[in-house]
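Here the structure is laid out as structure tokens; the discussion comes afterwards.
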Amino acid sequence: MNKIIIDGDGAILGRLCTYIAKEALGGNEIVILNSEKVIITGNKPNIIKKYKTLRGLGGTAQKGPYFPRRTFMILKRAIRGMMPSHRKGIGRDAFKRIICYNGIPKEFEKEKIIKIKVNKREKFITLKELSEKL
């Protein structure tokens with residue numbers, strides 16, 4: 001079991017989540033740093049509207065499943081969606097091996113951190129901006 005430390009700065013949410021889910025299902029322990037700097041590509045107003053609707057704030061009286069507002073929890077929720085089943089079996093065990101942090105804790109400053117290369121995007125919103133708008 002390897003420990004993989006990933007820097008989320010500038011990484012695209014969906015692509016990052018699929019990579020993390022595959023690695024966690026493979027038995028690796030995953031730590032994600034700078035989760036507030038992960039980006040969602042697309043039109044800002046549309047993304048904010050979508051997430052407000054998910055949280056039940058978009059004018060609909062949704063009382064359904066809880067959707068988080070904190071940045072590292074939004075990231076964990078997206079990763080959970082990539083797992084086979086987060087409630088039983090290998091999905092649950094893999095999800096327990098994933099840890100997300102805002103910023104870089106002191107214990108990981110000297111560790112080898114994987115930086116995911118991303119092409120420059122014009123239309124995007126960071127998870128930090130999104131959580132402030134919710």
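The values are calculated or read from the model by the stated rules, or taken from the named source; none is laboratory data. These numbers were taken from a predicted model, which means no experiment stands behind them. Positions of Cβ are generated from backbone atoms using ideal geometry, with glycine treated the same way; all protein chains shown enter the neighbour counts. Ligands, DNA and RNA are stripped out before the accessible areas are found, and what is left, the full protein with its side chains, is counted by its heavy atoms. Shrake-Rupley method; radii C 1.70, N 1.55, O 1.52, S 1.80 Å.
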#### Entry: the chain - share of DSSP beta bridges that are antiparallel (%, nearest 5)
20 percent
#### Entry: Cα→Cβ-extended label distance, 7 Å offset, between Arg69 and Lys50, nm
2.1 nm
### Query
Where does each of Thr41, Thr126 land when they are ordered by accessible area, with a 1.4 Å probe and the largest first?
Thr41, Thr126
### Task
Counting helices only, and only those DSSP H runs with n ≥ 4, report the 222 nm mean residue ellipticity of the chain as the sum of -39,500 (n - 2.57) divided by its residues, in deg cm²/dmol to the nearest 500.
-11500 deg cm²/dmol
### Task
Please get the size of the charge dipole for the chain, origin at its Cα centre, with Cβ charges of +1 on Lys and Arg and -1 on Asp and Glu, quoted in debye to the nearest 20.
500 debye
## Note on the structure
Probe 1.4 Å, heavy atoms of protein chains only: per residue, the accessible area of the chain in Å² is 63 Å²
### Query
For region 1-60, what % of the accessible area comes from carbon and sulfur atoms, probe 1.4 Å?
49 percent
## Note on the structure
Relative contact order as a percentage, region 55-134, C-alpha pairs under 8 Å and 6+ apart, gives 29 percent
### Query
Given springs between every Cα pair under 10 Å in a Gaussian network model of the chain, which of Ile98, Ile20, Ile90 has the largest fluctuation?
Ile90
### Message
Helix check for the chain. Which DSSP H runs span at least 15 Å along their own axis by Cα, with a mean Kyte-Doolittle hydropathy no less than 0.5?
### Response
13-25, 71-82
#### Entry: Ordering of 28-34, 108-114 by burial proxy (mean other Cβ atoms within 10 Å per residue, highest first)
28-34, 108-114
### Message
Leaving ligands and nucleic acids out of the surface, order Tyr51, Tyr19, Tyr66 by accessible area at 1.4 Å, largest first.
### Response
Tyr66, Tyr19, Tyr51
### Summary
To the nearest 0.05, the calculated FRET efficiency linking Lys22 and Glu111 through their beta-carbon distance, R0 being 30 Å, is 0.90
#### Entry: the chain, relative contact order [Cα under 8 Å, separation at least 6], %
40 percent
